[in-house]
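Let me begin by presenting the structure, written as structure tokens, before commenting on it.
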Amino acid sequence: MKIVSQLAVSATLGMLPVLTFASGNTIKPNVVFIYADDIGYGDLSFNGAKTIHTPNVDLLASQGVRFTNMHSSAATCTPSRYALLTGEYAWRREGTGIAAGDAGSIIRPERFTLADVFKNAGYQTGVVGKWHLGLGDKTGTQNWNGHITPGPSDIGFDYSFILAATGDRVPCVYVENEHVINLDPKDLISVSYEKNFEGEPTGKLNPELLRMHPSHGHDMSIVNGISRIGFMKGGKSALWKDEEIADVITGKALAFIEQSKDKPFFLYFATQDAHVPRVPNPRFAGTSGMGPRGDALIEFDWSVGELMKTIKRLGLEKNTIIILSSDNGPVVDDGYKDQAVELLGNHKPAGDFRGGKYSSFEGGTRVPGILAWPGKVKPGVSDQLLCQVDLLATFAGLLKVKVPAGAAPDSRNHLTAWLNQNGKGREYLVLQNVINNLSIEDGKWKFIAPGKGEAMNAPTNTELGNLNQDQLYDLSKDRGEKINVAAQYPEVVERLKFKLAQIKGAK
Ligand code: NG6
Ligand code: CA
């Protein structure tokens, strides 16, 4: 089939692209959303990293539009993922903070999600990788040995192959289509976030059993010689091997693409390489000279390359949108003694932004951003303000899917900005740090609302941006948020305070 209108035409018309087939049907490109975990703005070489080389990501960036002002919705994982999938800022909802490994499903089955957008457009939908949005009905009551429901299939995903929470949280098992795989019925899994199971070693009591030691937290159950958050027992045959996770999930992602190649598909591929514990495959170990964190970035780059190669081999390149971003900013020591601090050298994981993961400063949410759609999207650089919360409305716009009334209240269709057609990004954006202190970006201004909490997260050595007074930064002159100009521009402070209050009240 022939595409009637090319982007060049729509760009000159200065309006939404008319991406229709000759028959009048909406064009349905495959969409692969690659979500990195804890990879910062400055961590990848396309964004200027000099000591880390990520050639596959660089190639993707050169084929597409590179966003310099892309944000995750939050400075931690669960709320960013919640906003990505629901189109609602997570701070509007209780229980959307960093989820325990036995949390119940945070996105309830009745919610309309990003996956539903694609499903309603006739796509095959899949999620592979880190989930961290809870599973089952209620916290602590899941049946890890049976059907763990509700789960991804209740919120729009036809296929799921996931880590229930994070690499550092039990249970350390893969869950495929809501069932733990490789489980021996004679060795069932028990999980608790309250107390240990009798006779089971822990990182705290048995450090002699560890191959990687915690620097803070992470001293509970030991799996593969690494102590985790939470307690688990049993399920030996089902336990993952940390050094194989990238291979396993990349393999599942490739298989999903291969199996879905004759339909339009949406793949949400959530890697976890740079998140702790960082245990890259031996073939990447030592390749960065920066220890496991650097090696994990190289491993991530490998996964991206595998996806790109497979899409090319299947002849899907021109009909596939690949988006790459990260769920929050970077952190160096996030709880294990893995030499990330000692071997960092001159590398700046957050680029020239202040703060990092957990923070209200830009380092918390200003993340790498790429969209490639060869032949359709003009390669280049865009400094439009964009946020992952908008993907739901943006793809609903592209695919002409109706978003039910009341769903996705914070998601906006900015298709022409995402597709690099001179379209405008967000006028303003609300962001949250680890303790839900809010900030708002509006044009060149960034206002961080006064909030309680420590200024520094001591264990990770991160400036959180918490301050009991107004903070205003002019990002056009001061990307590093060094000079608080709140006292010089009281009218801007008042305007943004009012706006934030309005957004908080509105839905
Ligand atoms: C923190 C963990 C950190 C990481 C984070 C979640 C401790 C001391 N720290 O509580 O290691 O797991 O939660 O990261 O336990 S995220 O990227 O999934 O949000
Ligand atoms: Ca994360």
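The values are calculated or read from the model by the stated rules, or taken from the named source; none is laboratory data. None of these values were measured; they are calculated from a predicted model. Cβ placement follows ideal geometry from the backbone for every residue including glycine, while neighbour counts extend to all protein chains displayed. Areas reflect the complete protein model, heavy atoms only, side chains present, ligands, DNA and RNA absent. Shrake-Rupley method; radii C 1.70, N 1.55, O 1.52, S 1.80 Å.
Here is how the numbers come out for the structure above:
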item	result
Residue match in segment 48-61 (condition: within 16 Å of ligand 1 (Cβ to nearest atom) and touching an Asp or Glu at 6+ places or on another chain (Cβ under 9 Å))	no
Meets criteria (assigned to a helix (DSSP H, G or I) and touching a helix residue (DSSP H, G or I) at 6+ places or on another chain (Cβ under 8 Å)) for residue 307	yes
Residue in segment 326-347 that is part of a helix (DSSP H, G or I), open to solvent by less than 10 Å² (accessible area, probe 1.4 Å) and not polar (S, T, N, Q) present	no
Given (1) open to solvent by less than 30 Å² (accessible area, probe 1.4 Å); (2) in a helix (DSSP H, G or I); (3) over 27 Å from residue 97 (Cα atoms), index of the condition residue 318 fails	(1)
Options 210, 133; residue that is within 16 Å of ligand 2 (Cβ to nearest atom) and out of contact with any Cys (no Cβ under 8 Å at 6 or more places or on another chain)	133
Segment 390-429, residues that are crowded, with 20+ Cβ neighbours inside 10 Å and at positive phi	408, 420
Which listed residue, of 68, 139, 86, is modelled with pLDDT of 95 or more, of a type in the set (Val, Ile, Thr), touching a strand residue (DSSP E or B) at 6+ places or on another chain (Cβ under 8 Å) and more than 16 Å from ligand 2 (Cβ to nearest atom)	68
Among (1) over 23 Å from the mean Cα position of the chain (by Cα); (2) surrounded by fewer than 20 Cβ atoms within 10 Å (Cβ to Cβ), the one test that residue 231 misses	(2)
Test: residue in segment 122-145 that is farther than 23 Å from residue 321 by Cα, within 16 Å of ligand 1 (Cβ to nearest atom), in the same structural domain as residue 181 (by TED's automatic domain parsing) and touching a Phe, Trp or Tyr at 6+ places or on another chain (Cβ under 7 Å)	yes
Tabulated pairs, segment 153-170, first of a type in the set (S, T, N, Q), second in a strand (DSSP E or B) and within 12 Å of ligand 1 (Cβ to nearest atom), C-beta under 7 angstrom, 6+ apart or interchain	166/130
Residue satisfying all of: in segment 79-103; out of contact with any Phe, Trp or Tyr (no Cβ under 8 Å at 6 or more places or on another chain) and open to solvent by 10 Å² or more (accessible area, probe 1.4 Å); farthest from residue 387 (Cα to Cα) among these	103
Any hit, segment 363-372, residues being away from ligand 2 (no atom under 16 Å from the Cβ), within 22 Å of the chain's Cα centre (by Cα) and over 30 Å from residue 316 (Cα atoms)	no
Options 218, 213: the member that is touching a Lys or Arg at 6+ places or on another chain (Cβ under 7 Å), in contact (Cβ under 8 Å) with a residue 24 or more places away in the chain and open to solvent by 20 Å² or more (accessible area, probe 1.4 Å)	213
Strands (runs of 3 or more DSSP E) (entirely within segment 160-270) containing at least 1 residues that are aliphatic (A, V, I, L, M) and closer than 23 Å to residue 35 by Cα	174-176, 265-270
